[in-house]
Amino acid sequence: MASYDLIVIGTGPGGYVCAIRAAQLGMKVAVVEKNSTLGGTCLNVGCMPSKALLYASELLEEADHSFAKMGIGVGKPKLDLPAMMSFKQEGIDGNVKGVDFLMKKNKIDVLRGTGRIVSAGKVEVKAADGKTEVSETKNIVIATGSDVAKLKGIEIDEKRIVSSTGALSLDKVPSSLLVVGAGVIGLELGSVWRRLGAQVTVVEFLDRILPGMDGEICKQFQRILEKQGVTFKLGAKVTGVDTSGKKLKAQIEAAAGGNPESIEADVVLVAIGRVPYTEGLGLKEAGVTLDNRGRVQTDKHLATNVPGIYAIGDAIVGPMLAHKAEDEGVAVAEIIAGQAGHVNYDVIPGVVYTTPEVASVGKTEEDLKQAGVAYSVGKFPFTANGRSKVNQTTDGLVKILADAKTDRVLGVHIVGREAGEMIHEAAVLMEFGGSAEDLARTCHAHPTRSEAIKEAALGVGKRTIHM
Ligand code: FAD
Ligand code: NAI
């Protein structure tokens with residue numbers, strides 16, 4: 001029987017990163033993966049393919065709408081959807097091969113098949129041909145990720161009624177797309193298909209988009225998306241989809257019930273969240289406790305109630321984000337090695353990769369109001385940022401929230417182009433407990449969009465220069 005210091009079940013960003021860190025720390029490590037490729041949701045059907053399509057579709061839209069006014073004549077750009085899908089697939093292949101390479105480089109065994117915890121210290125792997133093998137291990141990390149949340153009574157066939165997975169691989173542009181859920185997936189993939197030519201309607205249960213992100217920023221963002229042609233039906237729910245005709249007929253009603261109506265669409269994308277995936281893992285038999293939402297319950301050291309079994313990533317509490325899973329992977333490997341690994345959950349950036357992007361780190365204005373924290377606000381719109389003006393990309397603003405007494409930065413929220421790259425100076429500042437004054441006195445290169453962050457920081461002290 002093979003014997004390891006650590007077996008990680010799942011090779012998403014949580015699992016493979018955990019395995020690498022553990023190998024760096026001198027452990028003998030194996031990963032178990034049931035899919036034919038490594039990399040999990042993120043690399044295969046999540047972050048990476050969606051970003052490839054967002055990038056390609058954004059360039060198509062730029063070529064169509066912005067090139068001419070910059071004096072670039074290319075004629076009407078033409079979509080070649082199969083080629084765009086090949087572009088996406090090449091990106092996926094490159095990244096998953098990269099993970100294979102990293103496993104080899106770090107001398108990590110890859111056990112292909114479905115993993116099941118027999119008991120603490122024993123993992124069984126069932127290969128595709130049905131053969132099973134049990135390995136011994138001192139420690140187990142559960143990194144089995146998440147799966148699409150289903151909508152009662154609506155069956156996903158991944159052709160006409162799709163989850164994000166089907167929406168990443170449609171073989172033609174639907175003339176109309178109905179998106180259920182104005183969360184990150186709905187807005188990113190809705191943007192992709194709108195740019196490629198679909199009429200997009202988003203139905204959202206709540207009275208706002210992107211719950212959990214700063215309300216003011218999201219209101220601005222919604223207006224920008226509406227200007228781009230996305231239609232929103234907020235405070236509404238889809239109660240069923242009639243698939244009998246050539247067009248789908250979705251029944252919609254108010255979130256609280258009543259006001260029924262029907263919307264026709266070629267494709268319906270169900271994007272109402274994700275749920276932890278622990279099917280067939282043998283957790284019940286192994287005595288591992290789940291919380292009331294089916295997530296593996298862990299303490300602050302990422303340990304479950306069973307000694308020697310840990311869990312990370314989408315399978316446990318917290319934002320379902322690849323970088324959160326990765327940081328937990330590193331932390332748990334260090335904890336197992338006897339070090340002080342930890343994750344600062346107060347400073348995890350979140351980015352929506354639309355155009356413009358939405359990026360956020362720390363507390364929102366709503367969080368601070370609810371917690372009764374006195375705060376000061378500094379804001380700066382991209383309309384007043386020189387670089388944005390010359391590039392004619394002035395949608396959006398930067399908003400900084402700082403403690404009213406100490407000036408410590410508590411949250412930074414941006415809607416604007418490249419916001420996802422810009423947010424990290426705020427994250428580093430917040431990791432060091434920095435103040436708005438620190439940010440405002442840091443020299444920022446000119447001309448950059450990041451100067452809007454400096455100006456918003458100056459705004460906390462009511463002394464912006466360019467506005
Ligand atoms: P996963 O990536 O889900 O990996 C789990 C792995 O475990 C899978 O490979 C699965 O096959 C394997 N597995 C499960 N059970 C077993 C078993 N019993 N035996 C063997 N293997 C098993 N996050 C971001 O931060 N940025 C983004 O831009 C972003 N975009 C996204 C876009 C989409 C469309 C989706 C769906 C998600 C996106 N996410 C994004 C979320 C991100 O993908 C997840 O947060 C991340 O993948 C979680 O990592 P993980 O390691 O916990 O699990
Ligand atoms: P989400 O939780 O972001 O959004 C789901 C939305 O659906 C919410 O606004 C919710 O109010 C709404 N909703 C729920 N039930 C509904 C119903 N019956 N009818 C109408 N609306 C309903 O979930 P999403 O977009 O599916 O994404 C899943 C996860 O993947 C997220 O947790 C996110 O963190 C991650 N992800 C991250 C990305 C990024 O970081 N850029 C990109 C894509 C996904």
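The values are calculated or read from the model by the stated rules, or taken from the named source; none is laboratory data. Keep in mind it's a predicted model, so treat the numbers as computed, not measured. Counting neighbours? That spans all protein chains shown, and the Cβs are built from the backbone with ideal geometry, glycine included. What goes into the accessible areas is simple: the full protein's heavy atoms, side chains included, and nothing from ligands, DNA or RNA. Shrake-Rupley method; radii C 1.70, N 1.55, O 1.52, S 1.80 Å.
For the reader, a short list of remarks on this structure follows.
- Here the calculated FRET efficiency for residue 374 and residue 157, from their Cβ-Cβ distance with R0 = 45 Å, stands at 0.30, rounded to the nearest 0.05.
- Multiplying the residue separation of residue 305 and residue 462 by 0.36 nm and subtracting their alpha-carbon distance yields 51.5 nm.
- Once both labels are positioned 7 Å from their Cα atoms along Cα-to-Cβ, the gap between residue 106 and residue 293 label points is 2.8 nm.
- Set of lysines with alpha-carbon distance to residue 51 below 16 Å, sequence-local pairs under 8 removed: 88
- Whether the stretch 211-259 is rounded, prolate or oblate, judged on the alpha carbon gyration tensor where a/c under 1.5 counts as rounded: oblate
- Full extension of the segment from residue 446 to residue 264, taken as 0.36 nm per residue of separation minus the current Cα-Cα distance, would add 60.6 nm.
- Tensor-based shape of the stretch 335-467 (alpha-carbon gyration tensor, a/c under 1.5 rounded, otherwise prolate or oblate): prolate
- Sulfur and carbon atoms: percent of accessible area, the stretch 350-460 [1.4 Å]: 50
- Ligands, DNA and RNA aside, residue 194 has an accessible area near 30 Å² when probed at 1.4 Å.
- Accessible area in the full protein assembly, largest first, 1.4 Å probe, for 455, 158: 158, 455
- Sorting 232, 221 by solvent-accessible area of protein heavy atoms yields 232, 221, largest first, with a 1.4 Å probe.
- Proximal aspartates and glutamates relative to residue 219, as straight alpha-carbon distance under 15 Å, when same-chain residues fewer than 8 apart are discounted: 204, 207, 357, 365, 366, 395
- Note on residue 129 and residue 37: with the Förster distance fixed at 25 Å, the Cβ-Cβ geometry gives a FRET efficiency of about 0.90.
- Here the stretch 161-272 has 50 percent of its accessible surface on carbon and sulfur atoms, given a 1.4 Å probe and all protein chains in place.
- Linear extension gain, residue 138 paired with residue 247, 0.36 nm per residue minus alpha-carbon span: 33.7 nm
- Reachable lysines, given that their alpha-carbon falls under 19 Å from the alpha-carbon of residue 138 and they are not under 8 places away in the same chain: 28, 107, 122
- Shape call, the chain: gyration tensor on alpha carbons, a/c limit 1.5: oblate
- Spin-label model, residue 421 to residue 51: label points 7 Å out along the Cα-to-beta-carbon direction sit 1.2 nm apart.
- Inter-part distance where the stretch 174-253 and the stretch 84-148 are each reduced to a Cα centre, Å: 35
- Sites residue 93 and residue 366 - FRET efficiency at Förster radius 45 Å, r taken between beta-carbons, to 0.05: 0.60
- Using a simple spin-label model with pseudo-atoms 7 Å out from Cα toward Cβ, residue 59 and residue 206 lie 3.5 nm apart.
- Within the assembled protein chains, the solvent-accessible surface assigned to residue 375 is about 60 Å², based on a 1.4 Å probe.
- Taken per residue, the accessible surface of the stretch 97-243 reaches 47 Å², heavy atoms only and a 1.4 Å probe.
- Solvent exposure of the stretch 260-326 as accessible area per residue, Å², 1.4 Å probe: 49
- Whole-percent pair-distance distribution, where bins are 10 Å wide, for the alpha carbons of the stretch 1-137: 12, 32, 24, 14, 11, 6, 2
- Across 66, 57, 3, the residue with the most accessible area heads the list, and the full order at a 1.4 Å probe is 3, 66, 57.
- The distance separating the Cα centre of the stretch 26-75 from that of the stretch 272-320 comes to 29 Å.
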